[in-house]
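Chemist: There's a structure below that I have some questions on.
The values are calculated or read from the model by the stated rules, or taken from the named source; none is laboratory data. The model shown is predicted, which means the values in this text are computed figures rather than measured ones. Cβ placement follows ideal geometry from the backbone for every residue including glycine, while neighbour counts extend to all protein chains displayed.
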Amino acid sequence: MFRRCGTGPQEAYLRRVRQLEGEDWLYITAPEEGVLVSIGDLMILGQEVQRFEDVNNLFGRVAEGAGLGDDGDYDWPGMSVEITRRVFEEGLPKSQAEWIRELQDWFAAQSETGEFPDERSIRRRLTPILKAVKFRNPKR
């Protein structure tokens with residue numbers, strides 16, 4: 001109902017509701033404009049949060065996860081997302097070798113079998129990114 005990033009309105013008029021187990025929407029007719037709610041008024045049931053996490057695999061391992069999928073290849077797009085997350089949250093690692101080890105650990109953690117790609121395969125995909133950010137063993 002509201003943007004998580006905090007931009008946009010912080011209040012909105014609620015004009016219809018539905019009971020937890022109900023199928024039909026009930027329209028709010030008094031007050032005519034609806035009920036004013038703010039972002040702090042909204043709560044999500046724990047069951048709904050759990051369902052969302054399960055459907056979107058936010059915290060678990062998945063069969064086709066980062067390990068070998070049905071196509072016989074690894075989840076390289078997932079690795080790109082992990083690279084972006086790592087740089088955004090933690091900055092660049094001390095060395096390329098450290099980053100490759102981190103990515104192998106990430107692949108193993110995402111895979112049901114603990115499989116991960118070899119160092120050369122990761123380096124081949126990581127090198128263009130390192131060149132783009134002009135990676136030269138950053139100092140901490």
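Chemist: Tally the residues that are in a loop (DSSP other than H, G, I, E, B) and either modelled with pLDDT under 55 or under 20 Å from the mean Cα position of the chain (by Cα) (or both), restricting the search to segment 71-81.
Modeler: Count: 2.
Chemist: So, one more: Any idea how many residues of segment 18-53 are at pLDDT below 85 and in contact with a Phe, Trp or Tyr (Cβ under 9 Å, 6 or more places away or on another chain)?
Modeler: 4
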